[in-house]
Amino acid sequence: MNLNCEIERKLTEFVGKDVEINDFSSVGGGSINKTFKISTNAGNFFIKKNSISRYPQMFEKEAEGIKILHKVKEIDTPEVIGFGESGDEAFLILKFISTGIMSHSYWEDFGKKLAKLHKHSNDLFGLNHNNYIGSLNQSNNHHKSWSDFFREERLEKQVKLARNSGSIGKETVLAFDRFYSKIDDIFPNEPPALLHGDLWSGNFMTNDNGDPVIIDPAVYYGHREMDLGMSQLFGGFDGQFYSSYHRHYPLESGWEERLDYCNLYPLMVHVNLFGGGYLQSVKSILRRF
């Protein structure tokens, strides 16, 4: 069965009547996924596809993450229609979201909604399954403490990957060791928060009602400052977003400085994916230790 037929079959299961694809148009994408808008007799849908052999179960994990966020009903996400495989191609079908202009209260609402999302908690840090951060595997083994989770499931795994590839040297590894011993003293003691997990400016959009929609999550229960740190790493979030968040779920003093420590994780992910100047940013943060 070819890819189009498999997609039509999944849509037919979801809609409850025969679905036929009328148009298949590219809407851009990146190095991991190819993305398309499809028009059918049952409406428009968004398709992502990639290689099963290169990224096994990526879309299954993404679909599960979107469903977790959707279930708590705090902030809009795309509706998951289904996922599947055809040959070496995997695909994910989402309801197509038409883009619009940001509402007047967009950033105020976005900050409030993220704060409410973060109030959803769990007994342990992590998740009941692993997923992806970009094209890299993201380990979510459960831990009772944030310091153990951050060290073992986030930083140590990225440091090992970079060390094995020759992207970092012994000096940087030792600098991370010094940082590990301080994690307990750096972060305030808070319950695990439900996180988007990869909240940069490319992973939110505006729907046709002018409201924020979060996409492409790397969900887990972690320290809530991780999402805020990622949001600042590449910019794109208005100051009203942070002030609104702080009003609805106040952050402990010193949070602005702690965001750099949070960003050691996404920065190391970028070191492992792209190298370049990201390592200098990592070293700059670690020099404090």
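The values are calculated or read from the model by the stated rules, or taken from the named source; none is laboratory data. Keep in mind the model is a prediction, meaning the values are calculated, not measured. Note that each Cβ is placed from the backbone with ideal geometry, even for glycine, and that neighbours are counted across all protein chains shown.
Structural remarks
- Among the helices (runs of 4 or more DSSP H) confined to the stretch 116-190, the ones with at least 1 residues that are hydrophobic (A, V, I, L, M, F, W, C) and under 27 Å from residue 71 (Cβ atoms) are located at 146-149.
- Considering residues of the stretch 122-164 that are among the hydroxyl-bearing types (Ser, Thr, Tyr) and under 20 Å from residue 183 (Cβ atoms) only, the residue surrounded by the fewest Cβ atoms within 10 Å (Cβ to Cβ): 145
- Qualifying positions in the stretch 82-102 - assigned to a loop (DSSP other than H, G, I, E, B) and in contact with a strand residue (DSSP E or B) (Cβ under 8 Å, 6 or more places away or on another chain): 88, 96, 97, 98, 100, 101, 102
- Residue satisfying condition, being charged (D, E, K, R), out of contact with any strand residue (DSSP E or B) (no Cβ under 9 Å at 6 or more places or on another chain), closer than 18 Å to residue 221 by Cα and at pLDDT 95 or above, within set 144, 71, 67: 71
- Inter-residue pairs, beta-carbon under 7 Å, first free of Cβ contacts under 8 Å to residues at least 60 places away in the same chain and in the stretch 86-107, second hydroxyl-bearing (Ser, Thr, Tyr), 6+ apart: 88/51; 88/53
- Of all residue pairs spaced 6 or more apart or on separate chains, those with beta-carbon atoms under 7 Å, a first member in the stretch 218-241 that is within 17 Å of residue 202 (Cβ to Cβ) and assigned by TED's automatic domain parsing to the domain that holds residue 277 and a second member that is in a helix (DSSP H, G or I) and among the hydroxyl-bearing types (Ser, Thr, Tyr) are 234/201; 235/201; 236/201; 237/201; 237/231.
- Matching residues in the stretch 171-182 - criterion: being within 24 Å of the chain's Cα centre (by Cα) and touching a residue at least 60 places away in the same chain (Cβ under 8 Å): 176
- You will find that of 175, 193, the residue that is under 22 Å from residue 122 (Cβ atoms), of a type in the set (Gly, Ala, Ser) and not assigned by TED's automatic domain parsing to the domain that holds residue 68 is 193 and no other.
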